[in-house]
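S.K.: First the structure, then my questions, so here it is.
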Ligand code: AMP
């Protein structure tokens with residue numbers, strides 16, 4: 001067929017993938033570890049539509065952010081409403097939280113999500129137009145321990161996945177008062193260099209100068225080398241908050257580096273921001289990141305509730321695991337491959353397989369078996385542990401020839417004991 005997948009997207013396949021990180025059973029493995037860890041930390045799953053009214057992202061992510069300005073997939077639906085595929089998860093979670101008035105249910109809310117996100121990225125390694133994030137949002141607590149908990153959860157997910165040599169970078173972007181003070185200090189510093197800034201940074205100079213710290217432009221980076229640190233502008237309250245987050249991370253043994261250049265790409269962050277990076281990933285080395293966003297819910301006309309969260313990229317996590325040779329689960333394989341020869345045997349094997357599957361045993365039947373050798377090859381290719389060869393003679397005697405594929409050992413096993421025999425691993 002001449003139709004191919006859209007540019008900068010990829011398929012996740014059960015086998016035959018051109019790169020191992022595109023194998024679906026590895027995705028299932030990661031997702032189940034994320035789900036278990038989220039449960040242990042008290043986060044419950046939330047699922048929202050993959051598209052929303054465009055206005056939500058303009059208000060929730062920020063009109064001036066790269067994501068909204070340059071990267072959204074936006075279209076008019078048949079009712080002439082502007083719709084966007086979600087570029088991130090937080091805005092949708094907050095919308096659902098407000099729409100369903102969940103604030104009336106309890107005082108602290110902890111959600112996690114896993115799902116596809118969409119950004120119109122230019123083609124480059126490590127960035128896709130449909131990618132997958134796992135993320136959490138904790139709403140209702142302004143305690144520094146809540147920041148430390150979310151950081152720890154991202155760290156713990158990486159630990160459970162077997163990732164090593166990761167770096168946690170933390171910073172504080174302060175509260176409104178700290179940011180106002182820093183905004184002015186940064187503008188004063190940048191003003192003499194204004195003409196040499198990139199076009200994007202010039203646009204941000206008035207709108208949101210903090211975001212200039214995020215610039216990837218080499219010239220901007222050089223200019224920024226001498227920029228003042230945001231940490232010197234923190235209000236006493238923001239400083240106390242940051243100090244406590246650090247003390248708590250020390251207490252639970254999580255190493256970190258303070259990196260005062262991290263402001264994160266989105267406009268809504270306050271106080272703590274953080275990122276976890278893996279060197280094996282090259283230029284796009286962030287596995288995930290997040291921070292506190294105390295003003296966001298109120299700015300969406302909700303109650304004035306503090307919140308903190310993170311989002312991580314499943315593609316990156318999987319690529320890092322493969323690059324580090326982290327332990328991966330084996331591809332699911334049948335315990336038993338049934339190889340019937342003849343019509344009667346096929347019928348018997350079909351019934352046998354059904355009974356076994358109803359007990360939760362992975363059994364495959366070769367419905368097109370003609371030759372033993374070819375059937376054994378298929379069984380080996382599927383990585384089956386055992387292969388039972390059953391012809392009319394075996395049916396008559398009520399037996400199967402059971403081969404252990406790794407050792408090629410063979411034994412005669414009564415048909416009515418076949419499944420139990422395999423389960424007990426007697427061969
Ligand atoms: P962000 O929402 O931009 O902070 O992204 C959080 C995480 O999602 C990043 O650290 C990446 O792991 C992942 N991510 C973001 N954008 C992409 C993308 N276009 N392709 C793949 N992963 C991405």
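None of the figures in this text is laboratory data; all of them are computed from the coordinates on show. Model, not experiment: these values are computed from the prediction. Cβ coordinates were reconstructed from backbone atoms using ideal geometry, including for glycine residues, and neighbour counts include every protein chain displayed.
S.K.: Enter the angle in degrees (range 0 to 90, nearest 10) between the Cα long axis of helix 343-358 and the first principal axis of the Cα atoms of the chain, meaning the one along which they spread out most.
M.R.: 40 degrees
S.K.: Cα axis of helix 372-381 to longest principal axis of the chain: angle in degrees, 0 to 90, nearest 10?
M.R.: Tilt relative to the chain: about 20 degrees.
S.K.: Multiply the residue separation of residue 125 and residue 45 by 0.36 nm, subtract the distance between their alpha-carbon atoms, and state the gained length in nm to one decimal.
M.R.: Details: separation 80, 0.36 × 80 = 28.80 nm, distance 3.03 nm.
So the extension gain works out to 25.8 nm.
S.K.: Specify the angular offset, from 0 to 90 degrees and rounded to the nearest 10, of the alpha carbon long axis of helix 314-323 from the longest principal axis of the alpha carbons in the chain.
M.R.: So the helix axis and the longest Cα principal axis differ by about 70 degrees.
S.K.: Now, a different point. Per DSSP H run of at least 4 residues, take -39500 (n - 2.57); add these up for the chain, divide by its residues and hand me the 222 nm value, nearest 500 deg cm²/dmol.
M.R.: On the way: 14 runs with 147 residues, N = 427.
Calculated at 222 nm, the ellipticity per residue is -10500 deg cm²/dmol.
S.K.: Also, quick follow-up: Please tell me the relative contact order of region 336-425 in percent, rounded to the nearest whole number, where contacts are Cα pairs under 8 Å and at least six residues apart. Before the final figure, lay out the partial values.
M.R.: Details: 132 pairs, mean separation 26.1, N = 90.
With pairs under 8 Å counted, the relative contact order is 29 percent.
S.K.: Percent relative contact order of the chain, based on C-alpha pairs within less than 8 angstrom and at least six residues apart? List each step's numbers first, then the result.
M.R.: Working: 723 pairs, mean separation 63.4, N = 427.
Worked out over the chain, it gives 15 percent.
S.K.: Expressed in nm to one decimal, what extension gain is obtained for the pair residue 217 and residue 78 from 0.36 nm per residue of sequence separation less their Cα-Cα distance?
M.R.: Values: separation 139, 0.36 × 139 = 50.04 nm, distance 3.96 nm.
Full extension of this stretch gives 46.1 nm more.
S.K.: Would you mind getting me the FRET efficiency between residue 393 and residue 1? Use the beta-carbon distance for r and R0 = 41 Å, nearest 0.05. Present the calculation step by step, with values, prior to reporting the outcome.
M.R.: Values: r = 45 Å, r/R0 = 1.11.
Here the calculated transfer efficiency is 0.35.
S.K.: Can you give me the distance in nm between label points at residue 188 and residue 206, each placed 7 Å from the Cα along the Cα-to-Cβ direction?
M.R.: 2.2 nm
S.K.: For the modelled label position 7 Å from the Cα of residue 105 along Cα-to-Cβ, which residues of region 35-70 have backbone nitrogen atoms closer than 18 Å?
M.R.: Correct set: 38-49.
S.K.: So for region 336-425: antiparallel DSSP bridges make up what percent, rounded to the nearest 5?
M.R.: Values: 10 of 18 bridges.
Taking every DSSP beta bridge within region 336-425, about 55 percent pair in antiparallel fashion.
S.K.: Related question: Please build a GNM for the chain, connecting alpha carbons under 10 Å apart, and tell me which residue among 340, 20, 123 fluctuates the most.
M.R.: Of 340, 20, 123, the Gaussian network model singles out 340 as fluctuating most.
S.K.: Hey, fewest Cβ within 10 Å first, where do 27, 155 land in order? Present the calculation step by step, with values, prior to reporting the outcome.
M.R.: Numbers: 27 17, 155 21.
So the ranking, lowest neighbour count to highest, is 27, 155.
S.K.: Mind putting together the pair-distance distribution for the chain? All Cα pairs, 20 Å bins, whole percent per bin, short to long.
M.R.: 22, 44, 23, 10, 1
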